[in-house]
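Some notes on the structure that comes next.
The values are calculated or read from the model by the stated rules, or taken from the named source; none is laboratory data. From a predicted model like this one, the values you see are computed outputs, not experimental measurements. All Cβ positions, even for glycine, are placed from backbone atoms using ideal geometry, and neighbour counts span all protein chains on display. These accessible areas exclude ligands, DNA and RNA; they are computed on the full protein's heavy atoms, side chains included. Shrake-Rupley method; radii C 1.70, N 1.55, O 1.52, S 1.80 Å.
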Amino acid sequence: EFRRVLFRSEGADRVTALAGTVGELLASAGWPADERPYRPHLSLARADGIRAGTATAAALIEAAATFRQAWTVDRVTLFESHTGDGAARYEPLAEALLGG
């Protein structure tokens, strides 16, 4: 069973706007547009193909119930996901610093 845990979403509107701007720039450069709505998220763990995945996810959800953390984002990194043939691997392709 897949479950999402929702937390405060402060700043999600700004990240969504940034994703929209990036999408528009990519489309103007000839990249196909992604028709799916952008949903800002943070992946804490993946359990693809692991028997204990459901139990692990339940333990993480329980632990997250009282966990509180805040941070400031200073950069955005574009990763390519390599899945299949074992654990997923994430290769950083580009990074953009954010600033005022």
When residues of segment 57-83 are filtered for being more than 19 Å from the chain's Cα centre (by Cα) and open to solvent by less than 90 Å² (accessible area, probe 1.4 Å), how many remain?
-> 4
Filter segment 84-100 down to residues that are open to solvent by 90 Å² or more (accessible area, probe 1.4 Å) and within 26 Å of V22 (Cβ to Cβ) and give me whichever is farthest from the chain's Cα centre (by Cα).
-> G100
With the condition kept exactly as written, say whether any residue in segment 3-11 is assigned to a loop (DSSP other than H, G, I, E, B), modelled with pLDDT of 80 or more and over 22 Å from L98 (Cα atoms).
-> no
Residues of segment 73-100 satisfying the condition of being closer than 15 Å to P40 by Cβ and in a loop (DSSP other than H, G, I, E, B) | V73, L98
Quick one: what pairs do we get from segment 78-99, first residue closer than 26 Å to R14 by Cβ and free of Cβ contacts under 8 Å to residues at least 40 places away in the same chain, second open to solvent by 90 Å² or more (accessible area, probe 1.4 Å) and among the basic types (K, R), C-beta under 7 Å, 6+ apart or different chains?
-> E95/R75; A96/R75; L97/R75; L98/R75
Can you spot a residue in segment 37-48 that is of a type outside the set (K, R), at pLDDT 85 or above and loosely packed, with under 11 Cβ neighbours inside 10 Å?
-> yes
